[in-house]
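Comments concern the structure below.
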Amino acid sequence: MSAGNNTRLGVGLMVLTTFVFAMQDGISRHLASEYNVLMVVMIRYWFFAAFVVAIARAKAGGIRAAASTEQMALQIFRGLLLAAEICVMVLAFTILGLVESLAVFTCYPLLVAALSGPILGESVGWRRWAAIGVGFVGVLIILQPGIGVFNPAAVIPLVSAIMFALYALLTRYVARKDTSATSFFWTGVAGAVAMTGVGIWFWEPMASTDWAWMATLCVTGAFGHWLLIRVYEVAEASAVQPFAYMQLVFGSMLGVTVFNEVIAWNVATGAGIVVAAGLFTLWRERQKG
C-alpha cells in the first residue's frame with residue numbers, strides 16, 4: 001500500500017493527535033511522579049496490546065492478516081523504539097515538568113524534516129535546511145548551555161525527540177508496504193512484550209483513584225498512536241509536521257493550569273523560534289506545491 005497525499009486531512013488528524021498526546025502527557029506526569037516510570041508505561045502497553053489484538057481479530061483476516069508483513073524487523077524495531085522513547089519522555093516530565101520538556105521536544109518535527117530526505121527520499125531544499133538551523137538555535141536558547149550551571153537533565157527530552165523523529169519516519173516508511181492496521185498491531189505488541197520484560201520487576205501497589213487515571217492514560221495512549229499512524233499514511237511527513245507544535249501549546253496550558261509550572265523567558269523565546277521555523281517549512285511546502 002502506498003502512502004497518500006491528502007495534506008488537509010493529515011493536518012486535521014495531526015492537531016487532534018497533539019491534543020490527545022498533551023492530555024496523555026499530563027496524566028503520565030502525575031502517575032510517574034507517584035510510581036515507577038517503567039511500571040506506568042508497562043500497564044499502559046498492556047491495554048494498548050489488548051486493544052490492537054482486539055481490533056485485529058475483528059477485521060477480515062484476523063490476527064494473521066494484521067501481523068503479516070515483509071518488514072517484520074522494521075516493525076518490531078519501531079515498537080521497541082517507541083516504548084523506549086515514551087519511558088525517556090515520561091522521565092523528563094517528572095524531572096523538568098511539562099513546559100520545559102515539551103519546549104525541547106518540539107524540535108522533533110525539524111528532525112523529521114531534516115531526515116525525510118535521507119530516509120524517505122523526500123526533497124529537502126536549502127530554505128528548509130536554513131529553517132532547521134534556526135529551529136535548533138531556538139533549542140539552544142531553551143537549554144542555555146554555558147549560561148550558569150547547565151542542567152544535564154535538559155538533554156533528556158532532546159534524546160526523546162530524536163527517538164520519536166526516527167519512529168515517525170519509520171512509520172511513514174513502512175506505510176509504503178503495510179496497512180495502518182499492521183503498523184498499529186506491531187507498535188502495540190512489540191512494545192508490550194518489551195515493557196513487560198522490564199517493567200514487571202518494578203511493580204508497586206497503586207491507589208484506586210490512580211487506577212482511574214491509569215485507565216484514562218491507556219485509552220488516550222492507544223487512540224493517540226492510532227491517529228499518528230493514520231497521519232503518516234495520508235500525508236507527506238514534511239507537510240504535516242509543523243502542526244505537531246500544537247502539542248507544546250496544549251501541554252504548556254496543562255502544565256501552567258494543573259501543575260503550577262512557570263514558563264521562563266528563555267523557554268518561551270526558544271520555543272517561539274522553533275515553532276516559527278517549523279511553520280516556515282510548511283509555507284515552503286505550499287509554495288512548492
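Throughout, read-outs are computed from the coordinates displayed, never taken from laboratory work. Keep in mind it's a predicted model, so treat the numbers as computed, not measured. Heads up, the Cβs are rebuilt from the backbone with ideal geometry, glycines too, and the neighbour counts pull from every protein chain shown.
Taking just the alpha carbons, could you work out the radius of gyration and Dmax for segment 22-105, both in angstroms?
Both quantities, over Cα of segment 22-105: 15.6, 45 Å.
For Ala276 and Val249, calculate 0.36 nm times their separation in residues minus their Cα-Cα distance, and state this gained length in nm to one decimal.
Values: separation 27, 0.36 × 27 = 9.72 nm, distance 1.34 nm.
My answer for the length gained is 8.4 nm.
If we count every other residue with Cβ under 14 angstrom of Arg44's Cβ, Lys/Arg +1 and Asp/Glu -1, where does the sum land?
Details: positive: Arg29; negative: Asp25, Glu85, Asp210.
Residues close to Arg44 contribute a combined charge of -2.
Going through the DSSP H helices of the chain, which span 15 Å or more along their own axis at the Cα atoms while scoring at least -0.5 as a mean Kyte-Doolittle hydropathy? It would help to have the intermediate numbers written out before the result.
Working: long enough: 7-34 (40 Å, 0.63); 37-58 (32 Å, 1.99); 72-96 (36 Å, 2.05); 108-120 (16 Å, 1.68); 126-143 (26 Å, 1.56); 156-174 (27 Å, 1.71); 180-199 (27 Å, 1.06); 208-234 (40 Å, 0.69); 246-258 (18 Å, 1.62); 265-288 (35 Å, 0.29).
Result, helices passing both filters: 7-34, 37-58, 72-96, 108-120, 126-143, 156-174, 180-199, 208-234, 246-258, 265-288.
Once you've got the GNM for the chain with C-alpha springs shorter than 10 Å, pick whichever of Arg128, Arg230, Arg176 has the biggest mean-square fluctuation.
Arg176
Write down the Kirkwood hydrodynamic radius of segment 42-174, to one decimal in angstroms, obtained as one divided by the mean of 1/r over all alpha carbon pairs.
Working: mean 1/r = 0.0591 Å⁻¹.
About 16.9 Å, per the Kirkwood formula over Cα pairs.
In a Gaussian network model over the chain where Cα atoms closer than 10 Å are linked, find which of Ile156, Ile55, Ile132 has the largest mean-square fluctuation.
Of Ile156, Ile55, Ile132, the Gaussian network model singles out Ile55 as fluctuating most.
With a point put 7 Å past each Cα toward its Cβ, work out how far Val256 is from Val137 in nm, to one decimal.
Going by the 7 Å Cα→Cβ label model, 2.5 nm.
If contacts are Cα pairs under 8 angstrom and at least 6 residues apart, what is the relative contact order of the chain in percent? Write down the numbers at each step before the final one.
Values: 450 pairs, mean separation 123.2, N = 289.
Normalised by residue count, the contact order of the chain is 43 percent.
Starting from the 7 Å offset along Cα-to-Cβ, what nm value, one decimal, do you get for the label separation of Trp126 and Trp265?
3.6 nm
Report the one residue of Thr209, Ala239, Ser180 whose Cα lies farthest in the direction of the positive end of the charge dipole of segment 177-289 (charges on C-beta: Lys and Arg +1, Asp and Glu -1; origin at the Cα centre).
Going by the charge dipole, the pick is Ala239.
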